[in-house]
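Just below is one structure, and these are the notes that go with it.
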Amino acid sequence: MTGTTPGSGRQRTPSGRAAGPRSTPPRSGRSAQGQGKPAPGKSAQGASPPRKDQPSKAQPSRAQPKARPATAQPKKAQPKAQPKKSRPSRAQPGKSQPNKSQPRTSSTRLGFGAPGAPRGAALRDAAPRSTAPRPAPPGTAAPRPARSPVARSRMVRPLPPRPGRPEVRQRWLVGIAAVVVLIFLVRLVHVQLIEGPSLAAEAEAARTATAVTPAHRGDITDADGVVLATSVDRYTVVGDPVAIEDFRGSGRVDAEGDKVQDGALGIAQLLAPILDMPKAELAADLVGKSRYRVLAKNVVPQVQRAIADLQVRAYIRTDLTSRRTYPSGAVAGSLVGFVNDEQTGQGGIEAAYDDLLAGTAGSDTYERSLDGLRIPAAGQESVPAVPGDSIQLSLVHDIQWKSQDSIDDAVRTSGAEYGIAIVQDVRTGEIVALADSGAVNPNDRSTSAVAGGSRAVKDVFDPGSTGKVVTMAAALEGGYWTPESQFTVPDRYTTPNGQTFQDSHEHPVQKLTLTGVLAQSSNTGTVQAGEKIPLQTRQDYLYKFGFGQPTGLNLPGESAGIMPPADVADWDGRTQYAVLFGQGLSVNAMQATSVFSTVANGGVRMTPTLFEGSTSPDGTVTPADQEPGERVISADTADTLVEMMETVTGDEGTGKNAAVPGYRVAGKTGTAQMPAGNGWTYMASFIGVAPADDPRYTVAVFLKSPHSSIFGGDVAAPVFSDVMGFTLQKMDVPPSERAKHRLKTEW
């Protein structure tokens, strides 16, 4: 939009700049465009009249503003039109050239005229007739038609783009760079001051490795130092498949002279001959994303040293472990027990004394490089392992072997389900042998039998006739009867409360002394002798001799047995008599054996024990605490009872097969009923002491469900004779010197 500044004679352009006066002559050689002077051959409106034989073509323009109506008062002077930057087209013959000083207006956009009409005519038709200016005479500049404000606003051309301002971009770049630097600075301060200690600790932990040094487990030996269990150093070979991917043969050759390959195949070439494994199989195990692959266990030190000589510690390492071995094999195998892979006791002595045997594991903490090698200059901390104590048992290896061999033979010959043999020192309560038939070898883990434990403490049964010794002790100690007391003994006897009992076999009425009742193992005679003993006294003596209580061996799986109700008032009419001959209660083999050892020890009960003492790694010996004995019966009663039991092994007794040449033997046979499914079975037994004139050892033999005979005098007494004879000779016990003094068995 243009306007004239009053008094200046100059016009304002749409941009606000003053234009030169209209009187400025145009440049030479060109027509005066924008001053109203028509070009040759053109009309004043800037268009030549169309030819009659050819329609006029409208020339396209870059912008066709709407025509605005002419004002009634023409402008005094027209400014020089701004030339377009586009190249002006030259006039061509036969075509009309529009006047560049006059804006083009599309007739169709304005809605006037028809397509193809002359441009001048369209403009003329668009303007109101009352205000349209007349054409200027030839040779004069036509006045520029006035336009409406709307048309003028649409004809304003956009300003050319302003030139860039580099200082603004520089300020933005400087600001962005400052923000980035500030962010990095804040992060640096946060990492150094706040996260620094934790990141350092994490980095140290990542490069720190701790190797556990297992403690050497203490040995288990017998009373003479014979090793029953020991530990040996072994190694576990471990591979790192991730690190092995970076292994390079570097010109090395294997044991066969072949070039060592890279990666898993190369490690297999070096390691397979040492581990005695196929190369292909070993190479397959060394491939993967694991960092810990066990290749072999229980490797002996010689093999470990050969692996160390390969100098491939970054890829293959050997971890020190310990392996438990049992040099004596099956001898005391069920008693000694075993350990698991973590060297923890799982049965027998291994479990009972695990705290002493285990020791304390050590550790070796060090920093390592990325390839797994120890960094020599870095700090390291080592805590030495503390070996466990070795323990000594009261077992005697040879007597243990003899007991196992004899009981195994008895099981085979009698067809029994299993057998138990126990040898105990009557003076100390120490167990010299504790044997189970079919004892397992702890070195063989192919079956679970090694975890079964000893039947001598875990299986319970009625003591049977061996329990009559408790009744006789109570009768003598209480003064109710003497060894010569006379009884009329039928094969059946009915008590005052109507309970009928019978002997093991039919026989005529016998005239037996109290000694004879014991020698003949008469149930009916024992019931008659026990009728005088009060119920509470009967119960008290059962507990005094150790029934219903732990034996003190501390072996896993031990059973304390089954006792009648604690209140004797709750005993039924049959139980109060059945306990007199060893029925109505259950005990384990060790409890039954302890009764005879108590009598043989002058009436003083010693707690059974297997543990003699321990030896620390520095050689300090700590003996086991010896518990004081508990007197159960007087020495006189004990001596008398031993003499009564000696008649059992005489010609008139039930245990004559238990005799040991050169030694006086006192003991008692037993045949106890045991429930078995829907029926009954039997436990045949014999328990005795020798020498009877100066008792040293008690030997107990038990056979469950023997087929050849159910009587202990037939199947168990011979085993007793075999084991006791060997024990007395092994322990250098002199033969008996005093002649036998037999008490009367009949009257």
Relative contact order for segment 588-747 using alpha-carbon pairs under 8 Å, separation at least 6, rounded to a whole percent? 20 percent
Considering amide H positions built from the backbone, and no H for Pro or chain starts, which residues 5 or more places from Leu295, or on another chain, come under 5 Å of its amide H? Val237, Val238, Gly239
Out-of-range pairs (alpha-carbon distance over 26 Å; input Lys468/Lys532; Lys704/Lys744; Lys402/Lys468; Lys259/Lys279): Lys704/Lys744; Lys402/Lys468
Give, in nm to one decimal, the length gained when the segment between Gln170 and Ser616 is fully stretched (0.36 nm per residue of separation minus the Cα-Cα distance). 152.3 nm
Treating only the Cβ of Lys, Arg, Asp and Glu as charged (+1, +1, -1, -1), what charge dipole size does segment 324-477 show about its Cα centre? Round to the nearest 20 debye. 260 debye
Inter-label distance, nm, simple model (7 Å from Cα along the C-beta direction), Glu195/Val179: 2.2 nm
Mind checking Rg over Rh on segment 552-652, alpha carbons, Kirkwood formula for Rh? 1.09
For segment 308-450, just say rounded, prolate or oblate: build the C-alpha gyration tensor, square-root its eigenvalues into a ≥ b ≥ c, call rounded for a/c under 1.5, and beyond that prolate if a/b exceeds b/c, oblate if not. prolate
Once the in-chain neighbours fewer than 8 apart are removed, the aspartates and glutamates whose Cα is under 14 Å from Lys289 read Asp240, Glu245, Asp246
Only Lys, Arg (+1) and Asp, Glu (-1) charged, at Cβ; segment 184-290 dipole about Cα centre in debye: 480 debye
Could you tell me the center-to-center distance, by alpha carbons, between segment 226-296 and segment 534-597 in angstrom? 62 Å
Pop out the carbon and sulfur fraction of the accessible area of segment 201-280 as a percent, whole number, probe 1.4 Å. 50 percent
When a/c reaches 1.5 or more, the comparison of a/b and b/c decides; with that in mind, is segment 178-317 rounded, prolate or oblate per its Cα gyration tensor? oblate
Counting only heavy atoms of the protein chains, get the accessible area per residue of segment 512-634 (1.4 Å probe) and round it to a whole Å² value. 35 Å²
Dipole magnitude of segment 282-374 about its Cα centre (Cβ charges: Lys, Arg +1; Asp, Glu -1), debye to nearest 20: 440 debye
Taking the full set of protein chains and a 1.4 angstrom probe, give the accessible area of Thr654 in square angstrom, rounded to the nearest 10. 50 Å²
As a test of the definition: which semi-axes, in Å, follow for segment 425-578 when you take the square root of five times each eigenvalue of its alpha carbon gyration tensor? Largest first, please. 36, 18, 16
Hey, how much of the P(r) for segment 394-490 falls beyond 18 Å, as a percent of Cα pairs? 64 percent
Which of the trypsin sites (Lys or Arg not before Pro) across segment 230-289 are loop residues per DSSP, with 12 or fewer other Cβ within 10 Å? Arg248, Lys289
Separation of the Ile562 and Val186 label points, Cα + 7 Å toward Cβ, nm: 8.0 nm
Once a ≥ b ≥ c are taken as the square roots of the eigenvalues of the Cα gyration tensor of segment 601-747, is the result rounded (a/c under 1.5), prolate (a/b larger than b/c) or oblate (a/b not larger than b/c)? oblate
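The values are calculated or read from the model by the stated rules, or taken from the named source; none is laboratory data. The shown structure was predicted, so the numbers you read here are calculated from the model rather than taken from an experiment. Heads up, the Cβs are rebuilt from the backbone with ideal geometry, glycines too, and the neighbour counts pull from every protein chain shown. Surface accessibility is based on the protein's heavy atoms, side chains included, excluding ligands, DNA and RNA. Shrake-Rupley method; radii C 1.70, N 1.55, O 1.52, S 1.80 Å.
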